[in-house]
Each structure stands twice: as structure tokens, then as C-alpha cells.
Amino acid sequence: MTPSRPGSTAEQRPMPILAPTPPPEAFAAGARVLERKSGQPAVVAFDRGPRREIIKFWWPRRSVLGRWSRVPARRQRDFLAASRLLAQAGVPGPEIAGAGRHGPARWVSYVSRPGRTLRQACAAGEPPPPEALAGFLLELHEAGIYFRALNLGNVLESDAGSMLALIDVGGLRRYSRPLSLRRRARNLAGFLTH
């Protein structure tokens, strides 16, 4: 069973760059930096008109030889392809609003879904019903989706608690048929340990 990896030969269609620079709202006073890496903003939340958006940055690092790595371009491509794979499978995921470059960095902007992560829900003592979570994970695995970064912080519960969705989908693969029991067990083991 061959996986459809974002950026692999199975995903030959080039990912369009939708905008040359990040929206200026991402750098406005009301924008919130949610995560930093190496002193640079990695995840920023901002308001664009009536909706809230999240912008994810990938910054290059210098290699041992002093060259800039190509990792940001690959990570951006993987994120965009994974978002498309989820949409094709009918699984709620990031709704892409834009993508492009900012200096040496690559970025992707997506619409922020209202709700909280399962980690936040569990910390508040209000985890989702077990059958809802089990049904969501079963839906993923039946659709052939193996999400390497599956953990409580990457699954979002809607405000009403009626829907679960994936966020930060960079480590996603989609196989041509439902996941084997072995792959399901490995994916769930990672989910339960994080």
C-alpha cells in the first residue's frame, strides 16, 4: 500500500503561491504571537475583517556548510498538500486563506475555527465524549489518513462540541485504502503518549 505523501510524486501538481507577502494584519498591534521558534514568530493569530486567521511561518536555518536550508519550502508545500488531502477525504482541517514568502521565511494563512484543542478541553476538565473522539479517529483511519503529529494539541473541538477537526497538519499521509490495524495501533499509541 503506497502512501500519498504531500510533495511526493503522487502529489505532482504544484502548490500555488496565493499571495506574495503575509497580510499586514499579521503584524498589526492586535496580532498575537502564539508560538516562537529561535526568536522568530512561528504562529500568529490576527483578525481580518469579521474572521480570525492563523498564520504559520517556517524560517530557514543555516546548515553546517553555511547555506540556507530548503526545509521551509518543503514544510509549506507539505502543509498545503495535507490540507488538500483532508478536504478531499471530507475530514475537517485548515481552510487555507493564503500562502507565500516573507523574506527568507515561508508562510501559510488559514481561517481559525472557533473552539479549543482537546488538550485545553481536558485541562478544563471537560474532555469530549469518548465516542465522539473514537468516531473521529475511526473516520481518519478509514479514510487512510495517518497523521504523525496526532495529539491532543492538534485536534480541535468546536465551540458547540459537535465537531472535531485537525490543525497543524504537516505530518500527514493518506494511503489508498483504510489503515492496517498495525498502523492504526502505532498512530493511536503516539496519540495516547502525547
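The values are calculated or read from the model by the stated rules, or taken from the named source; none is laboratory data. Everything numeric in this text was worked out from a predicted model, so none of it was measured. Methodologically, a virtual Cβ is constructed for each residue, glycine included, from the backbone with ideal geometry; neighbour enumeration extends over all protein chains shown. Just so you know, the surface numbers come from the protein's heavy atoms only, side chains and all, with ligands and any DNA or RNA stripped out. Shrake-Rupley method; radii C 1.70, N 1.55, O 1.52, S 1.80 Å.
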State whether the residues of the stretch 138-150 include one that is of a type in the set (Ser, Thr, Tyr) and out of contact with any Pro (no Cβ under 8 Å at 6 or more places or on another chain). no
Residues located in the stretch 19-74, provided they are of a type in the set (Val, Ile, Thr) and at pLDDT 85 or above: 33, 43, 44, 54, 55
For the stretch 145-155, how many residues are touching a residue at least 60 places away in the same chain (Cβ under 8 Å) and of a type outside the set (Val, Ile, Thr)? 1
If you go through the stretch 114-137 one residue at a time, do you hit one that is in a helix (DSSP H, G or I) and in contact with a Cys (Cβ under 9 Å, 6 or more places away or on another chain)? no
Any residue in the stretch 59-66 that is open to solvent by 20 Å² or more (accessible area, probe 1.4 Å), in contact with a Lys or Arg (Cβ under 7 Å, 6 or more places away or on another chain) and not in a loop (DSSP other than H, G, I, E, B)? no
Per-region count, the stretch 100-128, residues among the polar types (S, T, N, Q) and touching a helix residue (DSSP H, G or I) at 6+ places or on another chain (Cβ under 7 Å): 1
With the condition kept exactly as written, say whether any residue in the stretch 106-115 is surrounded by 14 or more Cβ atoms within 10 Å (Cβ to Cβ), more than 21 Å from residue 36 (Cβ to Cβ), of a type in the set (Lys, Arg) and free of Cβ contacts under 8 Å to residues at least 60 places away in the same chain. yes
Just one of 160, 81, 99 is at pLDDT below 90 and either outside any loop (DSSP other than H, G, I, E, B) or of a type in the set (A, V, I, L, M, F, W, C) (or both); which is it? 160
Restricting attention to the stretch 140-184, and to residues there that are farther than 18 Å from residue 81 by Cα and among the acidic types (Asp, Glu), which single residue is surrounded by the most Cβ atoms within 10 Å (Cβ to Cβ)? 157
Residues that are in a helix (DSSP H, G or I) and of a type in the set (A, V, I, L, M), drawn from the stretch 84-96: 85, 86, 87, 89
For the stretch 71-98, how many residues are among the polar types (S, T, N, Q) and more than 15 Å from residue 140 (Cβ to Cβ)? 1
How many residues, within the stretch 185-194, are part of a helix (DSSP H, G or I) and open to solvent by 40 Å² or more (accessible area, probe 1.4 Å)? 6
